[in-house]
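Have a look at the structure below before the remarks.
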Amino acid sequence: MMMQTLIDPFNRSISYLRVSVTDRCDFRCVYCMTENMKFLPKKELLTLEELDFLCSSFINMGVEKLRITGGEPLVRRNIMSFFQSISRHLDDQKLKELTLTTNGSQLKKFAKELFEVGVRRVNISLDTLDDAKFAKVTRWGRLSQVLEGIEAAQAAGLRVKINVVALKGFNEDELFRIVSWCNERGMDLTWIEVMPMGDLESEERIGQYWSLNELRQTLEQEYTLTDMAERSGGPARYVKVNETGQKIGFITPLSHNFCESCNRVRLTCTGELYMCLGQEDKADLRRPLREKPNDEGHLRKAIEAAIAKKPKGHDFDYTRQEVQGQMTRHMSHTGG
Ligand code: SAM
Ligand code: SF4
């Protein structure tokens, strides 16, 4: 089939697909999941073959970057067979990057294989370097397991970026420690502003909100930061720490200022395509996929129709410390 580019109504070309391959996870981070999460029945999920077919269709339509996420992507059974198979698009150079976001718990087991299939970078989420706090924020996680995973990833040759959710009164006191810990290990670092997601207690959520402006000001008490021009087409902005050369990212998903360059869409493990992180607009791709299995033309029409509905921007507004435009779905569903 002919290569093409996916262009949305605002002339943005869609080159980045994030795919949640499971809603399940071995952790229960407080800002992401409730303790007794109910997960989707298996039959609702796309099979790994269906996910491959869908991703491949997107790649044939011009998607160049694929990020696998979840839930925890590495707890999905046989997930390495998916990575193995989809990596053929790296070989034929249609796909420029295959990457994943993970909590790191399974990296000790999978880092080497991931590198072997062509993954070169991983984002690993880690909100604290303290054992007890780690257990508290993830509810079910163990810090040592994640640290071993990070070591394994670096040993395998993977470039690591650490994602930290900025949480007021929780990791504020670790700001400088986390920055230098990443720097010493040659890892990039991104701070993420907490988003109002799911049906978690709103009081708890607002209590946790720590604005990245404030975080940046604190950093500037010790470091000189220079804004970098680099943009990812997503909600991240980057600064360089002059003293060390370290790069630090800030993700403020609640701000609108990146929508005009948004190049991405998100696919859930049930085949729903979300055109914007901040809006409920979605398209069901599982139906056309199962209606006519292996008919890429049929699926392409559904994808094109979905992209034609990609909204201009999103609705979050957290500026007055009220939860407005709150999304009812969990990050584990759309994959963050
Ligand atoms: N389980 C993997 C992980 O934790 O990296 C991948 C999925 S997780 C949903 C993706 C990212 O979303 C993580 O970095 C996590 O910290 C972030 N996240 C989850 N809930 C969030 C929220 N309410 N606000 C901001 N970031 C959130
Ligand atoms: Fe799991 Fe990631 Fe959500 Fe934490 S943030 S509960 S690790 S999906």
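The values are calculated or read from the model by the stated rules, or taken from the named source; none is laboratory data. Predicted model only: the values in this text are computed from it and were never measured. Glycine also receives a Cβ, built like all others from the backbone with ideal geometry; neighbour counts cover every protein chain displayed. Ligands, DNA and RNA are stripped out before the accessible areas are found, and what is left, the full protein with its side chains, is counted by its heavy atoms. Shrake-Rupley method; radii C 1.70, N 1.55, O 1.52, S 1.80 Å.
Odds and ends about this structure:
- Listed by first and then second residue, the pairs linking a residue in the range 110-125 that is under 27 Å from residue 165 (Cβ atoms) to a residue that is open to solvent by 60 Å² or more (accessible area, probe 1.4 Å), with Cβ atoms under 8 Å apart and 6 or more places separating them unless they lie on different chains, are 111/155; 120/159; 121/159; 122/159.
- Residue tally, condition in contact with a Cys (Cβ under 8 Å, 6 or more places away or on another chain) and at pLDDT 90 or above, over the range 1-19: 2
Condition check ((1) under 14 Å from residue 107 (Cβ atoms); (2) under 17 Å from the mean Cα position of the chain (by Cα); (3) away from ligand 2 (no atom under 12 Å from the Cβ); (4) modelled with pLDDT of 95 or more) across all residues:
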site	(1), (2), (3), (4)
118	no, no, yes, yes
124	yes, yes, no, yes
134	no, no, no, yes
146	yes, no, no, yes
155	yes, no, yes, yes
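Let's see how each residue does on (1) modelled with pLDDT under 90; (2) open to solvent by less than 40 Å² (accessible area, probe 1.4 Å):
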{"residue": "163", "(1), (2)": "no, yes"}
{"residue": "170", "(1), (2)": "no, yes"}
{"residue": "198", "(1), (2)": "yes, yes"}
{"residue": "204", "(1), (2)": "yes, no"}
{"residue": "234", "(1), (2)": "yes, yes"}
{"residue": "263", "(1), (2)": "yes, yes"}
{"residue": "269", "(1), (2)": "no, yes"}
{"residue": "273", "(1), (2)": "no, yes"}
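- Taken over the range 107-127, residues that are among the β-branched types (Val, Ile, Thr) and either within 12 Å of ligand 1 (Cβ to nearest atom) or under 13 Å from residue 189 (Cβ atoms) (or both) amount to 2.
- Filter pass, residue 130 being open to solvent by less than 40 Å² (accessible area, probe 1.4 Å), closer than 17 Å to residue 104 by Cα and more than 16 Å from ligand 2 (Cβ to nearest atom): no
- Among the residues of the range 23-71, the ones that are within 13 Å of ligand 2 (Cβ to nearest atom) and within 19 Å of residue 276 (Cα to Cα) come to 6 in all.
- Just so you know, in the range 73-108 the residues that are among the charged types (D, E, K, R) and over 24 Å from residue 42 (Cα atoms) include one that is surrounded by the most Cβ atoms within 10 Å (Cβ to Cβ), and it is 108.
- Pair list, Cβ < 6 Å and 6+ apart or interchain, from the range 25-51 residues that are more than 30 Å from residue 293 (Cβ to Cβ) to residues that are within 9 Å of ligand 1 (Cβ to nearest atom) and charged (D, E, K, R): 26/72
- Looking across the range 212-256, the residues that are of a type in the set (S, T, N, Q), out of contact with any helix residue (DSSP H, G or I) (no Cβ under 7 Å at 6 or more places or on another chain) and touching a residue at least 12 places away in the same chain (Cβ under 8 Å) come down to 224, 226, 242, 255.
- Of the criteria (1) under 19 Å from residue 284 (Cα atoms); (2) modelled with pLDDT of 95 or more; (3) surrounded by fewer than 22 Cβ atoms within 10 Å (Cβ to Cβ), which one residue 43 fails: (2)
- Test result for residue 74, touching a strand residue (DSSP E or B) at 6+ places or on another chain (Cβ under 6 Å), within 16 Å of ligand 1 (Cβ to nearest atom), farther than 21 Å from residue 285 by Cβ and not acidic (Asp, Glu): yes
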